[in-house]
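Colleague: For reference, the structure I am asking about is given below.
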Amino acid sequence: MAASSAPPRARALLQQCLAARLQVKPPEPGSEAAWVEIQRGLVIYICFFKGASEELIPKMVNTLLNVKLSETESGKYVSLLDLPGDLLIIPQATLGGRLKGRNMQYHSNIEKEKGMELYSHFVTLCEKELAANTKCVEAGVVVKYGTYGNRQVLKLDTNGPFTHMIEF
């Protein structure tokens, strides 16, 4: 089968983690920073490109939640759903960067408003899929996510490093 010549519509970077903590709101005078955190599971960094649409989201969620990347105690690789494990979703526009000279350009990234809509739909569908999985419900699996279009601080304990990029 020949490789598709169409440009990707989305890019996801997956990283196994033992624990992760993401600052979703910086500290302000009179208030501390707000953080979300997960335990063992998967961190998904996500970027949408021009041409991406809501029709792409179910395929992405199905692929990313079912890819066998997590190693069990017995050495067998299973999906996040079969582990079961927590999920942290982080919007990452810089995954769409291209080097031009010595500068990065982001011309193929989707417009911010449309990207925010797709990101929100992606998060919602991930939450639904994990909530519908008996193993995940019984294990108390959590889905946490970052805020779209904002700089965020990430603290990550990796299991590897074990990082994979998947394009859609």
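The values are calculated or read from the model by the stated rules, or taken from the named source; none is laboratory data. Only a predicted model underlies this, so the values are computations on that prediction, with no experimental measurement involved. In this analysis, Cβ positions are derived from the backbone assuming ideal geometry, glycine residues included, and neighbour counts consider all displayed protein chains. Surface accessibility is based on the protein's heavy atoms, side chains included, excluding ligands, DNA and RNA. Shrake-Rupley method; radii C 1.70, N 1.55, O 1.52, S 1.80 Å.
Colleague: It is to be established whether one or more residues within segment 47-61 are over 20 Å from Asn109 (Cβ atoms), open to solvent by 70 Å² or more (accessible area, probe 1.4 Å) and assigned to a loop (DSSP other than H, G, I, E, B).
Modeller: No, segment 47-61 contains no residue that is over 20 Å from Asn109 (Cβ atoms), open to solvent by 70 Å² or more (accessible area, probe 1.4 Å) and assigned to a loop (DSSP other than H, G, I, E, B).
Colleague: Now for a different question. Would you mention how many residues in segment 69-84 are open to solvent by 20 Å² or more (accessible area, probe 1.4 Å), free of Cβ contacts under 8 Å to residues at least 12 places away in the same chain and touching an Asp or Glu at 6+ places or on another chain (Cβ under 9 Å)?
Modeller: Total meeting the criteria: 2.
Colleague: Show the residue pairs that are 6+ apart or on different chains and have beta-carbon atoms under 7 Å apart, the first residue being within segment 104-122 and touching a residue at least 40 places away in the same chain (Cβ under 8 Å) and under 17 Å from Asn150 (Cα atoms), the second being of a type in the set (Val, Ile, Thr) and assigned to a helix (DSSP H, G or I).
Modeller: Leu118/Ile57
Colleague: Something else about it: Any idea how many residues of segment 12-46 are among the aliphatic types (A, V, I, L, M) and in a loop (DSSP other than H, G, I, E, B)?
Modeller: Total satisfying the criteria: 1.
Colleague: Let me ask something additional. When you go through Leu95, Leu88, Leu154 one by one, which is the residue that is touching a Cys at 6+ places or on another chain (Cβ under 8 Å) and closer than 18 Å to Val36 by Cα?
Modeller: On the way: Leu95 fails: closer than 18 Å to Val36 by Cα; Leu154 fails: touching a Cys at 6+ places or on another chain (Cβ under 8 Å).
From the options Leu95, Leu88, Leu154, the qualifying one is Leu88.
Colleague: A further question follows. Considering each residue of segment 40-56, count those that are in contact with a helix residue (DSSP H, G or I) (Cβ under 7 Å, 6 or more places away or on another chain) and within 22 Å of Val78 (Cα to Cα), and give that number.
Modeller: 3
Colleague: While we're on this one: If the requirement is being in contact with a Cys (Cβ under 9 Å, 6 or more places away or on another chain) and in contact (Cβ under 8 Å) with a residue 12 or more places away in the chain, which of these qualifies: Ile57, Ile46, Ile38?
Modeller: Details: Ile57 fails: in contact with a Cys (Cβ under 9 Å, 6 or more places away or on another chain); Ile46 fails: in contact with a Cys (Cβ under 9 Å, 6 or more places away or on another chain).
Every option except Ile38 fails the conditions.
Per-residue answers, yes or no, for (1) polar (S, T, N, Q); (2) in contact with a helix residue (DSSP H, G or I) (Cβ under 7 Å, 6 or more places away or on another chain):
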position: Glu73; (1), (2): no, no
position: Ile89; (1), (2): no, yes
position: Ser120; (1), (2): yes, no
position: Val123; (1), (2): no, no
position: Leu130; (1), (2): no, yes
position: Val142; (1), (2): no, no
